[in-house]
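Asker: Have a look at the structure that comes next, please.
The values are calculated or read from the model by the stated rules, or taken from the named source; none is laboratory data. As the structure is a computational prediction, the values presented were derived from the model and not from experiment. Positions of Cβ are backbone-derived with ideal geometry, glycine not excepted, and every protein chain shown enters the neighbour counts. For accessibility, only protein heavy atoms count, side chains too; no ligands or nucleic acids. Shrake-Rupley method; radii C 1.70, N 1.55, O 1.52, S 1.80 Å.
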Amino acid sequence: MRTHLKPHHRKPPGKSIRKGRTKRATQPKPLRTPVGLGQAPEDSGGFMTLLLQRIGWEELNGLKQRKHGAGRPEYVLSRGQLLAAVLFHHTVSWAGSFAEHLFWLFGIQMAESTLSERRQALPFVVFEELMRLLLRPITTASAQGFYRQWRLVAIDGVGFSLPNTKPVKKKCRKGGNQKGRAAFAKFQCAALVELVMHNPLAACLGRNGESEWKLAQGLLGHLPPKCLLLADRLYGCGAFLLAAFERLKEGGGHFLVRVKHSLKVVRRLKCLPDGSQLVEIKASEAGERQGVGATLLVREIYATIKRPGYRIVRMRLWTSLLDWEQAPAQELVALYMVRWEQELYFRELKRELGVNDLLRSQTVETAAQEVAAMIMGSSIIAHERAKLKPGEELQHRISFIKTWEILEPLWLTLLVGADILSETQKQKLCDRFYWLAARRMMPKKRTRSCPRAMRQPIQPWPRKRNQKSSTAPLNISVVAPRS
């Protein structure tokens, strides 16, 4: 019987073959070294550096308020790291979840569900305190941000859309108009903004469905000293102006507010040489329309604004600047148009820092956190833009959006290259990015020329069929009040 011999396998020289063992591939070095509990990352000029210039790390970790006494101990992520990650997540425009942005900033990996529970457990008083510490006036603001010695600030409200989830429907209602209701629930916010610089100074958020008027009352305590407050017709009444003037006069400030033409005054006292008048206005008692609670002496200005090819706009203003020689009526009418800068700030807040008008949050509590983080992020960018060319008159013409677009890749580069670049290289990199941002100047802004019309009218405004634009100068005329 013939047997088959097994072939003899020779092992190659210098190598040994062992069963059950394979060669392991070398693991790449992790992108981010995890930061320890309660520690801050070092990015040498990046997002965390800018944040810690405004608030100390121990102070940030000291915001320990809780919704209730019980709670889980912190093992991986401290309160300060969580707050910094929330600000970072809603300031950058990079695609990615909260967990991804947390890993980029701190190198800490956590599940999305765990992070969601941590955010839900955060009381909003923490963000209120954080805004109080972070939001402040710009010390190197340009001359266009002032009128005489007064800093230009404005107060107004803005609405954000929320997804129609069950928790949202319980607290927020849908906005509406005369012919129907909006598709999404609305979240109201009132903000005090430093004009020209697009720098927020304070904000109140309607977590319980409060109106813009009620939210604005809480902003009066945040008015900076030596400021000139500008506001639209919603605030042009005795009740608001008396409350605002009590706060303004403590810091040597004044107001300039647009008023409805139908609003009556108590009496007219004196006609001034510049065409304005000294009048006395009233604030009614709470719950009474006829009673006079208090009175206030203001200057009243009637003016018409003309532009070739457009309808005449009639304007009525009240101001506490009673000296017509120091503040002529013609100047104040032209100055009031700067208030439109606040609307431009709200557009940047929604379209650039936010995904769009619809917030990403699924509850009212996290929506308030999202809006507060966006406002604080915009303040950081506004202060960095002010550093580009301090003291120059055209400082505010450096684009806010382009500055933000330059800072984002710088922050990412400093985070990724934290252990690769030397401190000298990081500083040179920051200088190069800031130099590039300083070159991104905007052309001179045109005056507002968009008509008050809508493509699909839902209010009694004329229908807009074509987009008109004009660069013709405005013709401002101070006129006598209607009898």
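Asker: When the accessible area of the range 211-278 is split by element with a 1.4 Å probe, what percent falls to carbon and sulfur?
Answerer: Carbon plus sulfur share of accessible area: 54 percent.
Asker: Once you list every other residue whose beta carbon is under 11 Å from the beta carbon of S477, what net charge do they have if Lys and Arg are +1 and Asp and Glu are -1?
Answerer: That sum, taken over residues with Cβ under 11 Å, equals +2.
Asker: Go through K226/K350; K260/K306; K186/K214 and tell me which ones have a Cα-Cα distance over 21 Å in this structure.
Answerer: K226/K350
Asker: Between beta-carbons, use under 9 Å as the cut-off and find the net charge around D232, counting Lys and Arg +1, Asp and Glu -1.
Answerer: +2
Asker: Same structure, new question: Between M442 and Y75, take the C-beta separation as r, use R0 = 51 Å, and let me know the FRET efficiency to the nearest 0.05.
Answerer: Approximately 0.60, to the nearest 0.05.
Asker: List the residues whose amide H sits under 5 Å from the amide H of A294, counting only those 5 or more places along or on another chain, with H placed 1.01 Å from N in the peptide plane.
Answerer: Amide H to amide H, under 5 Å and 5 or more residues apart or across chains, A294 pairs with A283.
Asker: Please report the net charge: other residues with Cβ closer than 10 Å to the Cβ of Y302, K and R +1, D and E -1.
Answerer: +2
Asker: If you plug each phi of the range 412-427 into the Karplus form 6.51 cos²θ - 1.76 cosθ + 1.60 with θ = phi - 60°, what whole-Hz ³J(HN,Hα) values come out, in order, with x for Gly and Pro?
Answerer: 5, 4, 5, 6, 6, x, 4, 9, 10, 8, 7, 5, 5, 5, 5, 5
Asker: Let me ask something else about it. Can you work out ³J(HN,Hα) from phi for every residue in the range 123-138, in order, using Karplus 6.51 cos²θ - 1.76 cosθ + 1.60 and θ = phi - 60°, giving whole Hz and x for Gly and Pro?
Answerer: 3J(HN,Hα) across the range 123-138, in whole Hz: x, 6, 4, 5, 6, 4, 5, 5, 5, 5, 7, 8, 7, 7, x, 7.
Asker: Would you mind getting me the FRET efficiency between Q149 and K428? Use the beta-carbon distance for r and R0 = 41 Å, nearest 0.05.
Answerer: With a Förster radius of 41 Å, E is 0.55.
Asker: Follow-up question, since we're still on this one. Once fully extended, how much extra length lies between S97 and S116, figured as 0.36 nm per residue of separation less the alpha-carbon to alpha-carbon distance?
Answerer: The span from S97 to S116 would gain 5.7 nm if fully extended.
Asker: Something else: Enumerate the residues in the range 140-174 having an amide nitrogen under 12 Å from the point lying 7 Å beyond the Cα of R247 toward its Cβ.
Answerer: Inside the label zone: 154-156.
Asker: Taking the Cα-to-Cβ direction at L50 and at D419 and moving 7 Å from each Cα, how far apart do the two end points lie in nm?
Answerer: Spacing of the two 7 Å Cα→Cβ label points: 2.6 nm.
Asker: Label-point separation (nm) for T304 and R347, each offset 7 Å from Cα along Cα-to-Cβ?
Answerer: Inter-label distance under the simple model: 2.9 nm.
Asker: Mind listing the phi-derived Karplus ³J(HN,Hα) values for the range 373-384, rounded to whole Hz, using 6.51, -1.76 and 1.60 with θ = phi - 60°, and x for any glycine or proline?
Answerer: 5, 5, 5, 5, x, 5, 5, 4, 5, 4, 5, 5
Asker: Roll a 1.4 Å probe over the protein chains and send me the accessible area per residue for the range 70-170 in Å².
Answerer: Accessible area per residue: 40 Å².
Asker: Quick one: length gained pulling K402 to L269 fully straight, 0.36 nm per residue minus the C-alpha distance?
Answerer: 42.9 nm
Asker: Right, something else. Probe radius 1.4 Å, ligands and nucleic acids ignored: give me the carbon and sulfur share of the accessible area of the range 110-156 as a rounded percent.
Answerer: Percent of accessible area from carbon and sulfur atoms in the range 110-156: 53.
Asker: Ordering H261, H383, H101 by accessible area with a probe of 1.4 Å, largest first, what comes out?
Answerer: Largest to smallest exposure gives the sequence H261, H383, H101.
Asker: Name the residues whose placed amide hydrogens come within less than 5 Å of the amide hydrogen of L256, ignoring near sequence neighbours (fewer than 5 apart) on the same chain.
Answerer: L229, L230, A231
Asker: Based on the Cβ-Cβ distance of A294 and R207, what FRET efficiency does E = 1/(1 + (r/R0)^6) give at R0 = 22 Å, to the nearest 0.05?
Answerer: After rounding, the FRET efficiency stands at 0.10.
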